[in-house]
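See below for the structure under consideration.
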Amino acid sequence: MRTVKDTITLDDARRISGPLAFNLMLKPAGSLCNLDCAYCYYLDKSEIYGGREPRMTLEELERYVKQYIEACETKEITFNWHGGEPLVLGLDFYRKAVEYQQKYKGEKTIHNTLQTNATLITDEWAHFFKDNNFLLGVSVDGPPEVHDRYRKDKGGQPSLERVVKGIRKLYDAGAEYNLMATINSASEGRGLQVYQFLKGLGSAFIQFSPVVEHVVWPVRNGKPDKHARPHIVDPSEPGATLAPWSVSPVGFGRFICDIYDYWVKHDVGRVFVNFFDCTLANWCGVMPGTCSFAETCGGNAVVEHNGDVYSCDHFVYPKYLLGNIYRDSLTEMMSSEAQIRFGIDKRNSLPRKCLRCECWSLCHGGCPKHRFNTTDSGQTGLNALCEGYSMFFKHSAKGMQTMKELLEQGKAPALIMMQQ
């Protein structure tokens with residue numbers, strides 16, 4: 001007997017039957033990193049591999065590059081390098097990656113993006129990125145009182161000064177970079193302050209990502225040791241509690257609303273913020289650029305250092321293992337029933353409250369990693385940040401409607417600033 005969880009829409013069918021197009025997030029050094037950010041959900045992943053982080057060999061790298069290019073049935077292919085901290089592998093590793101891309105690309109066009117904390121960037125790195133057209137995503141949370149609260153190195157020292165130094169090297173070399181900031185408990189009440197700080201770092205593209213995690217603290221002498229690093233776990237795990245760095249739903253909503261109020265008056269068309277771009281896209285019925293705002297997911301799998309493929313970066317758990325690129329076909333893994341179901345479950349597992357909500361077409365339930373609350377009727381799957389999302393969508397509705405109308409008239413959304 002088929003259930004709602006088995007239902008696919010016409011759009012699902014088109015995506016499944018059309019040319020295979022997907023993004024892979026490659027972690028060539030696994031979770032290995034030179035920082036020790038408190039909220040990093042990936043540092044614990046080394047336990048899956050026995051606590052070891054063997055690095056991807058050049059032979060494995062070449063096989064990955066070749067298979068990924070062959071599997072993508074599109075003319076343009078993007079390689080997404082991620083971690084941990086991908087720069088720990090050294091510059092020669094990425095020189096070989098570019099060499100292999102040129103060897104196997106055929107008539108296809110290759111793009112590269114790389115997410116980094118920027119602390120290891122030297123002049124040589126910066127010029128390599130510029131010369132090879134890499135787009136860098138730099139993790140930086142805001143001014144010192146925000147960034148250094150949770151983004152420290154292995155010795156417990158703050159990292160912002162080194163991050164800014166790396167960004168300046170990228171800027172001076174003319175390398176292209178965007179900024180990615182988490183919204184955590186230290187961010188609450190500081191939305192505009194964080195936004196203005198990030199604007200001063202030389203990029204017009206800012207991506208915000210809310211942090212809500214659950215942890216289990218190590219037990220020593222029969223009691224939780226709050227001074228040790230906790231394990232980030234699924235909220236259903238026994239003993240799990242909300243992590244102290246988690247942003248509150250209202251704090252999250254106010255953070256985004258405060259930035260929006262300034263942005264809509266001064267920066268439309270000048271600074272591009274993922275929350276605002278994706279909300280406007282959904283207002284216009286256009287596919288948003290961030291998967292958390294899309295109706296379904298499943299097109300952004302992750303490849304670990306040893307070739308293991310998981311459904312998503314936030315779901316690197318044994319139950320979401322699709323296979324291994326060195327023994328399984330990447331094409332078959334990405335078009336498998338398991339991956340298709342993972343993608344459409346984002347929509348099909350929503351509680352009735354979400355499907356009846358006026359904001360559903362804008363948030364689509366948010367990222368599944370945050371959908372662990374229950375509704376008043378007892379249904380599971382409600383996004384933990386629902387109240388904050390609703391606050392922002394209602395607060396920005398008038399402005400989004402105006403920008404939608406401007407686009408429909410063939411005019412620039414930035415004209416809204418003349419009406420403020």
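Only residues in the stretch 186-199 that are closer than 13 Å to F275 by Cβ and in contact (Cβ under 8 Å) with a residue 24 or more places away in the chain count as the first member; pair them with residues that are open to solvent by 10 Å² or more (accessible area, probe 1.4 Å) and assigned to a helix (DSSP H, G or I), Cβ under 6 angstrom, at least 6 apart or cross-chain, and list the lot.
Every condition considered, the pairs that remain are G191/D258.
Yes/no matrix, rows are residues, columns are (1) open to solvent by less than 10 Å² (accessible area, probe 1.4 Å); (2) acidic (D, E); (3) in contact (Cβ under 8 Å) with a residue 40 or more places away in the chain; (4) within 30 Å of E188 (Cβ to Cβ):
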position	(1), (2), (3), (4)
K45	no, no, yes, yes
L58	no, no, no, no
I77	yes, no, no, no
L87	yes, no, no, no
T122	no, no, yes, no
F128	no, no, no, no
D131	no, yes, no, no
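Of everything in the stretch 236-286 that's under 18 Å from the mean Cα position of the chain (by Cα) and open to solvent by 60 Å² or more (accessible area, probe 1.4 Å), which residue is nearest to A384 (Cα to Cα)?
Applying the filter and picking the extreme gives D277.
From the list I167, I183, which residue is open to solvent by less than 10 Å² (accessible area, probe 1.4 Å), over 20 Å from R55 (Cβ atoms) and in contact (Cβ under 8 Å) with a residue 60 or more places away in the chain?
The unique qualifying residue is I183.
Does the stretch 384-400 hold any residues that are of a type outside the set (A, V, I, L, M, F, W, C) and without any contact (Cβ under 8 Å) to a residue 24 or more places away in the chain, and which are they?
The answer is K398, and nothing else.
When the stretch 351-409 is examined, which residues are found to be more than 23 Å from Y317 (Cα to Cα) and of a type in the set (G, A, S)?
Across the stretch 351-409, the qualifying residues are S361, S377, G378, G388, S390, S396, A397, G399.
Hey, among the residues in the stretch 231-285 that are in contact with a Ser or Thr (Cβ under 7 Å, 6 or more places away or on another chain) and not polar (S, T, N, Q), which one's nearest to G202 (Cα to Cα)?
Y260
In the stretch 133-154, what residues are in a loop (DSSP other than H, G, I, E, B), under 18 Å from N184 (Cα atoms) and either in contact with a Cys (Cβ under 8 Å, 6 or more places away or on another chain) or open to solvent by 70 Å² or more (accessible area, probe 1.4 Å) (or both)?
Answer for the stretch 133-154, where residues must be in a loop (DSSP other than H, G, I, E, B), under 18 Å from N184 (Cα atoms) and either in contact with a Cys (Cβ under 8 Å, 6 or more places away or on another chain) or open to solvent by 70 Å² or more (accessible area, probe 1.4 Å) (or both): just R151.
Would the stretch 337-344 turn up any residue that is hydrophobic (A, V, I, L, M, F, W, C), part of a helix (DSSP H, G or I) and over 21 Å from the mean Cα position of the chain (by Cα)?
Yes, because at least one residue in the stretch 337-344 is hydrophobic (A, V, I, L, M, F, W, C), part of a helix (DSSP H, G or I) and over 21 Å from the mean Cα position of the chain (by Cα).
Could you go through the stretch 95-103 and let me know if any residue there is part of a helix (DSSP H, G or I), open to solvent by less than 50 Å² (accessible area, probe 1.4 Å), in contact with a Pro (Cβ under 7 Å, 6 or more places away or on another chain) and in contact (Cβ under 8 Å) with a residue 12 or more places away in the chain.
The answer is no, given that none of the residues of the stretch 95-103 is part of a helix (DSSP H, G or I), open to solvent by less than 50 Å² (accessible area, probe 1.4 Å), in contact with a Pro (Cβ under 7 Å, 6 or more places away or on another chain) and in contact (Cβ under 8 Å) with a residue 12 or more places away in the chain.
Mind checking whether some residue in the stretch 198-205 is surrounded by 17 or more Cβ atoms within 10 Å (Cβ to Cβ), over 18 Å from P144 (Cβ atoms) and at pLDDT below 95?
No - not one qualifying residue is present in the stretch 198-205.
Scanning for something hydroxyl-bearing (S, T, Y) and closer than 30 Å to H266 by Cα, does the stretch 392-405 turn up at least one residue?
Among the residues of the stretch 392-405, at least one is hydroxyl-bearing (S, T, Y) and closer than 30 Å to H266 by Cα, which makes the answer yes.
What are the residue pairs meeting all of these: first residue in the stretch 215-237, first residue closer than 16 Å to H314 by Cα, second residue among the polar types (S, T, N, Q) and surrounded by 11 or more Cβ atoms within 10 Å (Cβ to Cβ), Cβ atoms under 8 Å, and 6 or more apart or on different chains?
Correct list of pairs: V215/T241.
Only one of these is touching a strand residue (DSSP E or B) at 6+ places or on another chain (Cβ under 6 Å) and of a type outside the set (F, W, Y): T113, T57. Name it.
T113 is the lone residue from the list that is touching a strand residue (DSSP E or B) at 6+ places or on another chain (Cβ under 6 Å) and of a type outside the set (F, W, Y).
Which of the residues belonging to the stretch 315-338 are buried (at least 18 other Cβ atoms within 10 Å of the Cβ), closer than 20 Å to D234 by Cβ and touching a residue at least 24 places away in the same chain (Cβ under 8 Å)?
V316
Go through the stretch 351-363 and give me each residue that's within 12 Å of F393 (Cα to Cα) and out of contact with any Cys (no Cβ under 6 Å at 6 or more places or on another chain).
Hits for the stretch 351-363 are C357, E358, C359, S361, L362, C363.
Give the residue that is nearest to I206 (Cα to Cα), with candidates limited to residues of the stretch 145-156 that are in contact with a helix residue (DSSP H, G or I) (Cβ under 9 Å, 6 or more places away or on another chain) and without any contact (Cβ under 8 Å) to a residue 40 or more places away in the chain.
Ranking the qualifying residues of the stretch 145-156, first place goes to H147.
Which of the helices (runs of 4 or more DSSP H) found entirely inside the stretch 347-420 contain at least 1 residues meeting this: open to solvent by 80 Å² or more (accessible area, probe 1.4 Å)?
Output list reads 352-355, 386-408.
Please list, ordered by first then second residue, the pairs with beta carbon atoms under 8 Å, 6 or more apart or interchain, first in the stretch 287-314 and open to solvent by 30 Å² or more (accessible area, probe 1.4 Å), second in a loop (DSSP other than H, G, I, E, B) and modelled with pLDDT of 90 or more.
M287/A294; C291/C367; E295/H364; N300/C312; N306/M56; H314/C367
The values are calculated or read from the model by the stated rules, or taken from the named source; none is laboratory data. The shown structure was predicted, so the numbers you read here are calculated from the model rather than taken from an experiment. Quick reminder, even Gly has a Cβ in these numbers, built from the backbone with ideal geometry, and neighbours come from all protein chains shown. Please note that ligands, DNA and RNA were not included when accessible areas were found on the heavy atoms of the full protein model with its side chains. Shrake-Rupley method; radii C 1.70, N 1.55, O 1.52, S 1.80 Å.
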